[in-house]
1. Return the pair list, or none, for Cβ contacts closer than 8 Å from residues in the range 3-22 that are assigned to a helix (DSSP H, G or I) and surrounded by fewer than 14 Cβ atoms within 10 Å (Cβ to Cβ) to residues that are modelled with pLDDT of 95 or more and of a type in the set (S, T, N, Q), at least 6 apart or on different chains.
2. Scan the range 102-140 for residues that are out of contact with any Ser or Thr (no Cβ under 9 Å at 6 or more places or on another chain), farther than 19 Å from A17 by Cα and hydrophobic (A, V, I, L, M, F, W, C) and jot them down.
3. What are the residue pairs meeting all of these: first residue in the range 57-71, first residue at pLDDT 85 or above, second residue polar (S, T, N, Q), Cβ atoms under 6 Å, and 6 or more apart or on different chains?
4. Name the one entry in V96, V32 that is under 22 Å from the mean Cα position of the chain (by Cα) and modelled with pLDDT of 85 or more.
5. Confirm whether E158 is of a type in the set (D, E), within 21 Å of the chain's Cα centre (by Cα), part of a helix (DSSP H, G or I) and farther than 24 Å from M50 by Cβ.
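The values are calculated or read from the model by the stated rules, or taken from the named source; none is laboratory data. Since this is a predicted model, take the numbers as computed values, not measurements. Reconstructed Cβ throughout: ideal geometry from the backbone, glycine too, with neighbour counts over all protein chains shown.
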Amino acid sequence: MFTKFCATVSKICLVLAVFGLIAVILCVQWQVIGRYVLNDTPTWAEALAMLIVLFVTAFGLAVGVRDAGHIGLESLVILLPKKWQHRIEILIHVLVAVFGYLMVKGGWLWASAKWAEKKPMLPVPDGIDYVPVIIAGALILLFSIEHIVALVQGKVVEPVWN
């Protein structure tokens, strides 16, 4: 049930990332049309595109962690005895989970510190730039726990696109 939940969350993240990429393309296209066709550059378009890129990156990063698409040192782990391979894999996911927790904690501190300030080109708080760090950290933590549970149970987490 936990794996199904995590797979669903991962699929939602992928869909949001795709819609985010489409939104970035539309923002940039509108900026180009405004600058070269209408001769009136929309100043908000670039700022919005950059903000959306932060969210797309957060969702993509989290899905990459769940689907084990991140950089790993499997060639070194394979050289170890089977008993140690399992332990090292669990340790790796624990360390990734700790990193996710630190992302949440640090992102929360920065977001709350900057929330009272306003972005110059968008009518949103400046602290919104750190919300993707919080989201990515929470998802990384969730997906790392999923990997740890799967390893303890002797199962494999299937990538979301399978």
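1. none
2. Of everything in the range 102-140, those that are out of contact with any Ser or Thr (no Cβ under 9 Å at 6 or more places or on another chain), farther than 19 Å from A17 by Cα and hydrophobic (A, V, I, L, M, F, W, C) turn out to be L102, M103, V104, W108, L109, W110, A111, A113, W115, A116, L122, V124.
3. So the pair list comes out as V63/S10; R66/S10.
4. Details: V32 fails: under 22 Å from the mean Cα position of the chain (by Cα).
When all the criteria are applied, what remains is V96.
5. no
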